[in-house]
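Notes for the one structure printed next.
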Amino acid sequence: MTLKEAGEQLGLLMGTAVMAKHLDGDLGELVAREFSVLTGENEFKPGRVHPAVGAWDFAGADKIAAFAERRGIKLVGHTLLWHQQGAGFLFEDGGKSVTREVGLRNLRDHIEVVAGRYSGRVLGWDVVNEAVSDDAGVYLRPTPALSAIGQDYIVRAFEMAAAADPGAELYYNDYSNEGVEKREKCIDVIREIKKAGLRIDAVGMQCHLLLAEPSAELIEEAISAYAAEGVKIVVTELDVDVLPRKAAGGADLSKKEMAGQNPYVAGLPGEVEEALAQRYAEVFEVFRKHREHVSRVTLWGTHDGMSWLNYWPVAGRVNYPLLFDRGLAKKKAYAAVMDVLRGA
Ligand code: XIL
């Protein structure tokens, strides 16, 4: 049995993030065999598809979309609006904020072109990524979109996405949004969208986890809190960092640690391999228990060698965050996930 099949029996989509270059050869075959849904790891991001004013590049995104269609796999679009890897020129000109009117027009053009191009072909879009602040007492992260348009930029993006692809599910996606404070802010986002009479289908919990935190209890509480708002939960970027970090968890791209340890270059010790498997088992227990509300779990990558955690938050480390090893063999963590999915 594959992850795809085991997930299907629970009504749970099992996904992986891929780059266009990962779809050839053995890795492509493994992806098509094991997973029911793909997310482009970078290829659909604003700065990739829209690198400069009036310039568009869909080569990578089209390759992923075509592979998904050919192999009967669903596709998630990631993402229409993000302050990282962004198309900064949508909201700034010569380092200065554009007017609200120009910002809205640029955002609409961007979403119409991108979501319009894949209309009818994606299961859903991460419409807005990482908009709420990590800082206590601050609702939204200060970004060029916020400065140009104002606080309703999120609501407007959802409106534009719904217009560009009426059949696509619409998600608000963030990291560390199992933590209570950030969770409350994400709930405010959901409420604002609904209050405007617009649709939000799910909240994306990225779930870039460490071995010990956040706790499975906190993740479970967050799932229940979001479900109580009448939205589904999609786990969008699951991985488990086994390496030491100076700071706590999260996935803020700007928070690079300048130095760090790299203890497992020669391989992962047995007890850490076991701890990783246990960690995967405990979070999948939660997803399984709440499968009425959790519709998808996507791993952020397929095998350890391709994970972003080899280069973030410290460049050049050897990490082991996923279910397949560098030789594409199933890890203990794979078996642990499979056991949970099959109720063993
Ligand atoms: C990461 C990719 O994995 C890297 O290849 C890229 O260099 C930076 O972005 N949150 C997100 C993802 O929403 O888009 C990020 O992906 C990881 C954190």
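Assorted remarks:
- Calculated mean residue ellipticity at 222 nm for the chain: -11500 deg cm²/dmol, from DSSP H runs with n ≥ 4 weighted as -39500 (n - 2.57), summed, divided by the residue count and rounded to 500.
- Here is the tail figure for the chain: Cα pairs spaced more than 39 Å apart come to 9 percent of all pairs.
- Take every pair of alpha-carbon atoms less than 8 Å apart whose residues are at least six positions apart; their mean separation over the length of segment 271-334 yields a relative contact order of 34 percent.
- If you model segment 1-103 as an ellipsoid using its alpha carbon gyration tensor, with each semi-axis the square root of five times an eigenvalue, the axes come out at 34, 15, 9 Å, biggest first.
- Modelled label reach - D135, point 7 Å along Cα→Cβ, segment 165-196 residues with backbone N closer than 18 Å: 181-183, 185-186
- Across segment 250-256, coupling constants 3J(HN,Hα) worked out from phi with the 6.51/-1.76/1.60 Karplus curve, θ = phi - 60°, read x, 8, 6, 4, 7, 8, 7 Hz, and Gly and Pro carry x.
- Under 29 Å from the Cα of K246 - lysines, other chains or at least 8 residues apart: K45, K182, K185, K255, K256, K331, K332
- Ranked list, fewest to most other Cβ atoms within 10 Å of each Cβ, for L80, L10: L10, L80
- Note on the chain: antiparallel DSSP beta bridges, both residues inside, total approximately 10 percent of the bridges counted.
- Between K195 and E221, full extension at 0.36 nm per residue minus the direct alpha carbon distance yields a gain of 7.0 nm.
Read the figures in this text as sums done on the coordinates, not as results from a lab. Quick caveat, the model's predicted, so the values are computed rather than measured. Reconstructed Cβ throughout: ideal geometry from the backbone, glycine too, with neighbour counts over all protein chains shown.
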